[in-house]
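Data first, discussion second: the structure below is written as structure tokens.
Quick note: the coordinates plus some simple rules give every number you see, no bench work behind them. Fair warning: this is a prediction, and the values are worked out from it, not measured in the lab. Positions of Cβ are generated from backbone atoms using ideal geometry, with glycine treated the same way; all protein chains shown enter the neighbour counts.
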Amino acid sequence: MQQASAVSGIESSYDPYLENLVAYVERYKQNRSAKLAWHMTWAYQQDYDHVKFDSYGRDQQRMYSAIVSVVQNKIASTGKFSIIIPSGTAIQNVRSSFIGDNLTRDGFHLEKKLGRYVAGLSCFCALTGDRIDNITYRPDVEKIPLSYLPMIKYAVQRGIYTPYQVADMSDFAPV
């Protein structure tokens, strides 16, 4: 599950809908051992010029912090979700690297190659528990050169291990 990105950092937007949705899924799920997972969205690109960004003062860090706060206080604290997929933190980690704030195609939808790749690796790690150390596949070898992989993998793994804290990736450079 996930909240719509524009309100993902606004705690009141979850009430009473989240509780109702969780109760519905729990009641009607066919596989009784199925677990709930929460997908943490990412903050908008800093220069995104849309009314959707107004709730956060058009400030990426403020939006990211609000999303983290809601996930900690409204999602993780309930005990209903077995998995948190920290795509938002992985994206924020990559933004702190040499890549910068270039992971969306329109300010909020992830860019089709690099942005989606980072989010996809986050989902893979969170859902399977597997590591990505040996992954070499890249959906676009020009957009995602082999030299980017160490940084991307570190950003994703840090997101998995510390989902509520951005890693300083400024020391990473393409090798």
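For Asp140 and Ala37 in one chain, what is 0.36 nm times their gap in residues minus the Cα-Cα distance, to one decimal in nm?
Here the segment from Asp140 to Ala37 would lengthen by 34.3 nm.
Work out the length of the dipole vector of segment 134-174 about its Cα centre, built from +1 on the beta-carbon of each Lys and Arg and -1 on the beta-carbon of each Asp and Glu, and round it to the nearest 20 debye. Please report the intermediate quantities before stating the final value.
Working: 4 positive and 4 negative charges, 27 e Å.
Roughly 120 debye for segment 134-174.
Within the chain, what is the number of lysine pairs with alpha carbons under 27 Å apart, leaving out pairs fewer than eight places apart on the same chain?
Count of close lysine pairs: 13.
Which whole-number percent is the relative contact order of the chain (Cα, under 8 Å, 6+ apart)? Don't jump to the answer; show the numbers that get you there.
Values: 242 pairs, mean separation 41.1, N = 175.
Computed over the chain, the figure is 24 percent.
Roughly how many whole Å is it from the C-alpha centroid of segment 1-62 to that of segment 73-133?
The distance from the Cα centre of segment 1-62 to that of segment 73-133 comes to 14 Å.
Dipole magnitude of segment 5-161 about its Cα centre, charges +1 at Lys/Arg Cβ and -1 at Asp/Glu Cβ only, in debye to the nearest 20?
500
Taking only Cα atoms, what is the 0 to 90° angle, nearest 10, from helix 60-70's long axis to the longest principal axis of the chain?
Here the helix axis deviates by roughly 40 degrees.
Tell me, what is a quarter of the convex hull surface for the C-alpha atoms of segment 5-161, in nm² with one decimal?
On the way: hull surface 39.6 nm².
Computed as one quarter of the Cα hull surface, the answer is 9.9 nm².
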